[in-house]
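The values are calculated or read from the model by the stated rules, or taken from the named source; none is laboratory data. Fair warning: this is a prediction, and the values are worked out from it, not measured in the lab. Cβ placement follows ideal geometry from the backbone for every residue including glycine, while neighbour counts extend to all protein chains displayed.
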Amino acid sequence: MEKIVVNGGRMLHGEVEISSAKNSVLPIIAASILCKDKSVIENAPMLEDVYVICEVLRDLGCNVYIDKKDNKITVETHNITLKEPNMDLVRKMRASFLIMGPMVAKFGRFKLSMPGGCNIGSRPIDLHLKGLKALGAEVETGHGFVEVDAKKLIGNKIYLDFPSVGATENIMMAAVFAEGETTIENAAEEPEIWDLAMFLNSMGADIRGAGTGTIKIYGVKELHNTCYRPIYDRIEAGTYMVAAAMTHSKIKIKGVNEEHLRPVISKLQECGVIIHTLNNGIIIDGSNKTKAVDIKTMPYPGFPTDMQAQMMTLLTLASGTSIITETVFENRFMHVSELCRMGANIKIDGRVAILDGVKKLTGCEVKASDLRAGAALIIAGLCAEGTTQIGDIYHVDRGYVNIEEKLKKLGADIQRVKV
Ligand code: EPZ
């Protein structure tokens, strides 16, 4: 086991490189199942979750080569078989359920373990299954498994009760070879959905409207080889933006697409953070005192739930009272108790957290409960008085490439130690 140890009080400076988006690369690797043979993903982030989904594809018979030096992942599908993947492997990561759509599209049927819930919520899959049924599949659930059988997938119109990212992705992939036209209405609009559609189209799929609330998929016969470079990780970028605001530093975030960060930029500007957008990145100047603001997490283009913990950390030291409402997941406040141990003044009432800004945070031993909460606690440690030790750091490694190295390069006093 490892933990991260941070000595607070250092200003940050310089610039940080952002990796490719984890939440693009996971569905893209799942979608590579649909390729006739070889797909290459460039600038892939070397993350635990990426290794897990690569293992799942290997378990299905794919050849998967991970080149950690060049950050390249190659998937060859000529040996893929229709088998039930190793349950322990699949259960390691919920996003493994994203292979359901491509496997049903490729083989006409698939059986997969139900994805468990996780710390932030029950994470149901009813919308995924509603979409597969609408395409003509028979869906059986029981004994902890989901079995999908579709002699033939026929295009249809599907309305999502909630703009679920995973359901939009699974349905889009399942519909790629379906006969005729499929329309997903009230689809998720996250940039990673657009990225997945562009990856599929680079192999010859015909998907239009991805990134908007209505996506159309026109069935094609097969998908050819491709080489694709995913978009940058807007949540990783937002995390470093908050780190600069928290430590009242000025840093440059390289590579990100400012459009994907609009909700985060606008909220940080409301807090008093100065932000300049350049053609190759963003300058964050956190020298002003942070003002209290209210935040309500919403599906894109609203404020992202994956940035809620990080923004909460910033607001623990803001002058005034802030109200944060988490509308996307039912249990995404586990970082609150850890922040209160560091001296924050936060009260929870259901899905609402009320923060009264305090003068300072003090370092202590805390634990990460999920990857974003872990990142938020590291940020808290950057400005807390004394030393903060963040345990269960494996959560953070699922979504952040070398977080302590990137922060050390920015001037933080931070190291990873074996426990
Ligand atoms: C994706 O999860 C992301 N994960 C999450 O990022 C992110 O927080 C989430 O989208 C929301 O943006 C990946 O992309 C791998 P959802 P996903 O389906 O697809 C309800 C991170 O930190 N829902 O949009 O599971 C569900 O209960 C992770 O990087 C249904 O009701 O999210 C939840 O309340 C955490 N029925 C809401 O939708 C369904 O069938 C959002 O879930 C599916 C979802």
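Scanning the stretch 191-217 for residues that are crowded, with 19+ Cβ neighbours inside 10 Å, assigned to a loop (DSSP other than H, G, I, E, B) and in contact with a Lys or Arg (Cβ under 9 Å, 6 or more places away or on another chain) yields a total of 1.
Determine, yes or no, whether residue 376 is touching a Leu at 6+ places or on another chain (Cβ under 6 Å) and either under 21 Å from residue 249 (Cα atoms) or aromatic (Phe, Trp, Tyr) (or both). Steps first, answer last, please.
On the way: touching a Leu at 6+ places or on another chain (Cβ under 6 Å): no; either under 21 Å from residue 249 (Cα atoms) or aromatic (Phe, Trp, Tyr) (or both): yes.
Judged against the criteria, residue 376 is not a match.
Counting only strands (runs of 3 or more DSSP E) wholly contained in the stretch 298-409, the ones carrying 2 or more residues that are in contact (Cβ under 8 Å) with a residue 40 or more places away in the chain occupy 352-356, 387-391.
All conditions but one from (1) surrounded by fewer than 24 Cβ atoms within 10 Å (Cβ to Cβ); (2) within 14 Å of the ligand (Cβ to nearest atom) apply to residue 173; the one that does not is (1).
Taking the conditions (1) under 30 Å from residue 181 (Cα atoms); (2) away from the ligand (no atom under 11 Å from the Cβ) in turn, residue 129 satisfies each one other than (2).
Annotation: residue 144 fulfils all but one of (1) more than 16 Å from the ligand (Cβ to nearest atom); (2) free of Cβ contacts under 8 Å to residues at least 24 places away in the same chain; the unmet one is (2).
Whether any residue in the stretch 335-344 is within 16 Å of the ligand (Cβ to nearest atom) and within 30 Å of residue 162 (Cα to Cα) is what I want to check. Even if it seems obvious, please write down each step before you answer.
We begin by selecting, within the stretch 335-344, every residue within 16 Å of the ligand (Cβ to nearest atom); these are 335.
This time we only want the ones that are within 30 Å of residue 162 (Cα to Cα), so: 335.
Within the stretch 335-344 (the criterion being within 16 Å of the ligand (Cβ to nearest atom) and within 30 Å of residue 162 (Cα to Cα)), the answer is yes, since at least one residue qualifies.
Return a yes/no flag: does the stretch 266-273 have any residue that is outside any helix (DSSP H, G or I), of a type outside the set (Val, Ile, Thr) and touching a Leu at 6+ places or on another chain (Cβ under 9 Å). So that I can check it myself, show each step before the final result.
Keep residues of the stretch 266-273 that are outside any helix (DSSP H, G or I), which gives 271-273.
Then drop every residue that is not of a type outside the set (Val, Ile, Thr), which leaves 271-272.
Among the residues that remain, those that are also touching a Leu at 6+ places or on another chain (Cβ under 9 Å) are: 271.
Scanning the stretch 266-273, I find at least one residue that is outside any helix (DSSP H, G or I), of a type outside the set (Val, Ile, Thr) and touching a Leu at 6+ places or on another chain (Cβ under 9 Å), so the answer is yes.
Against the condition modelled with pLDDT of 95 or more and either touching a Lys or Arg at 6+ places or on another chain (Cβ under 7 Å) or hydroxyl-bearing (Ser, Thr, Tyr) (or both), how does residue 141 come out, does it pass?
In short, no.
What about residue 92, is it over 23 Å from the mean Cα position of the chain (by Cα) and either among the basic types (Lys, Arg) or more than 12 Å from the ligand (Cβ to nearest atom) (or both)? Reasoning before the result, please.
Details: over 23 Å from the mean Cα position of the chain (by Cα): no; either among the basic types (Lys, Arg) or more than 12 Å from the ligand (Cβ to nearest atom) (or both): yes.
No: the conditions fail for residue 92.
Annotation: residue 77 fulfils all but one of (1) crowded, with 16+ Cβ neighbours inside 10 Å; (2) under 19 Å from the mean Cα position of the chain (by Cα); the unmet one is (2).
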